[in-house]
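Only the coordinates and a few stated rules stand behind these numbers; no lab work does. Everything numeric here is computed off the predicted structure, so don't read it as measured data. Every residue, glycine among them, receives a Cβ derived from its backbone with ideal geometry; neighbour counts consider all protein chains shown.
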Amino acid sequence: MLALLLAGCIGCSSTKKPDSPPPDAAGESCGDTTCKPPERCVDVHGRQPGPPSMECWIPCAAHPCPAGMVCEMIYDGPGKVCVEPNPG
């Protein structure tokens, strides 16, 4: 089962994204962490100045989300990614 955390950001919707695994987990290298499947390393540009940050997300533009997650567009972040649905 995929553990999730609330990911807050300024100017975007309140969504939950998957936890980043510990650096020794198998998966795709992403900055100073490693993404666990089905997560992918995504350039997150956002509205802040400077270079994009690298974060682990589950893209959903071409593939369905895992059970219990929904595909949502995060405009000032990683784009179309799987998130835990908002309860309200």
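So for segment 24-83, taking the charge dipole from beta-carbon charges (+1 Lys/Arg, -1 Asp/Glu), which of 45, 81, 33 sits furthest toward the positive end? Working it through, the farthest residue towards the positive pole turns out to be 81.
Net charge dipole, segment 24-83: roughly 180 debye, given to the nearest 20, about the Cα centre with Cβ charges of +1 for Lys and Arg and -1 for Asp and Glu.
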